[in-house]
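The structure appears right after this line, and notes come after that.
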Amino acid sequence: MARISLGNVCKSFKGLKVIKSVSLTVEDGEFCVFVGPSGCGKSTLLRMIAGLEDVTSGQILIDDQDVTKLEPFDRQLSMVFQSYALYPHLTVRQNIAFALETAKQPKEVIECKVAEAARTLKLEDYLDRRPSALSGGQRQRVAIGRAIVREPRAFLFDEPLSNLDAALRGETRVEIASLHKSLAATMIYVTHDQVEAMTLADRIVVLNKGEIMQVGSPRELYEHPGNVFVAQFLGSPRMNLIDAASDGEAGVMLPGNQRLDIGQRSPENIRTVGVRPEQISITDDGDAAIKGTIKLCEYHGSVLSLIVDAGPMGDISVLAPSAGALVEGARVSLDLPADALHFFDE
Ligand code: ADP
């Protein structure tokens, strides 16, 4: 298995920079997820690691070997694609065995590796079927099986669950997580889906417009987002952001000239206060800094998802216990606990 390092990697297409000097080390055995909005450069970065795309400048190392100029095959990485990329005329067994056959491995070795991959991926009953006779989830498992038998130095996944429906996506996600545990392999996984990123990753790399916005564990990024982009990208509903200015003491001034106590001396350069919807509570404190009218109340079973029109502060999203008797049109006061606030200078 392997550690993968990127040093100042840049990529331009026809003079347009789509990856702007990315440096990063993915540790041996780590599950690292590249996440970001569509077009931010996730796939391009992964394809450069795989060798499917040249780097414009910079360096890619696997362990201490410089692979920047190596052909994809020589990097000994396995990639799993969104489209599965299976051979339709071959059976599951033949698809999984294909790379081993090409490498002219002995028949017994091939049989043994295919059987083991089929067992790991619960494909034993499907080995003689063609891909067309499989569900999307099973096809993706075959694609993963094909990657496993090559015993690569690392696995690269490019949006592998995007073609699956929601239930299968959840199931296959759990399978990929358990595969990572059992193989203890280095895995780099690209997705635009923050739930996949949060649930699978040891470490998440948040990308935007070809640049790294922040790198950290799911918990670090969720609880300590370093900027407004990360704050809003992770979490659903999104973190509320409210314009704010320091009052020079332990408070911030919000739109509408409302003062919010933040329990500490406010940073001078503060421009925005953030608070997650689940951290806000509805209170009957008439002096609360934020008051508003419920303009949308959605019942989600375990919680109510509210949008509160808070006048000059705009719409505030709140998750409240569903037992509460809250209805659209009701006037409410919102409590923003000081220890749940995030401060940004942008
Ligand atoms: P993501 O995977 O985050 O959706 P991509 O890596 O696919 O983003 O693309 C990043 C940017 O590079 C996009 O603006 C995309 O249009 C551009 N791009 C990707 N591949 C090519 C290509 N072969 N030729 C020109 N532009 C490309």
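The values are calculated or read from the model by the stated rules, or taken from the named source; none is laboratory data. What you are looking at is a predicted structure, and each value in this text was computed from that prediction instead of being measured. All Cβ positions, even for glycine, are placed from backbone atoms using ideal geometry, and neighbour counts span all protein chains on display.
Could you count how many residues in the range 224-248 are more than 22 Å from Arg265 (Cβ to Cβ) and either assigned to a loop (DSSP other than H, G, I, E, B) or polar (S, T, N, Q) (or both)?
Going through the range 224-248 one residue at a time, the tally reaches 8.
Exactly one condition in (1) within 16 Å of the ligand (Cβ to nearest atom); (2) farther than 25 Å from Ile188 by Cβ is not met by Ser132; state its number.
(1)
Go through the range 100-121 and give me each residue that's out of contact with any helix residue (DSSP H, G or I) (no Cβ under 7 Å at 6 or more places or on another chain), basic (Lys, Arg) and within 20 Å of Ser178 (Cα to Cα).
Across the range 100-121, the qualifying residue is only Arg119.
Counting just the residues of the range 1-52 that are among the hydrophobic types (A, V, I, L, M, F, W, C) and part of a loop (DSSP other than H, G, I, E, B), which one comes out farthest from the ligand (Cβ to nearest atom)?
Met1
For the condition more than 30 Å from Lys11 (Cα to Cα), modelled with pLDDT of 90 or more and small (Gly, Ala, Ser), what is the one hit in Gly145, Gly210?
After applying the criteria, what remains is Gly145.
When you check Gly274 against the structure, is it closer than 21 Å to Leu221 by Cα, small (Gly, Ala, Ser) and touching a strand residue (DSSP E or B) at 6+ places or on another chain (Cβ under 7 Å), yes or no?
Yes: the conditions hold for Gly274.
For the range 324-338, which residues satisfy the criterion of being more than 10 Å from Val275 (Cα to Cα), modelled with pLDDT of 90 or more and not β-branched (Val, Ile, Thr)?
Hits for the range 324-338 are Glu328, Gly329, Ala330, Arg331, Ser333, Leu334, Asp335.
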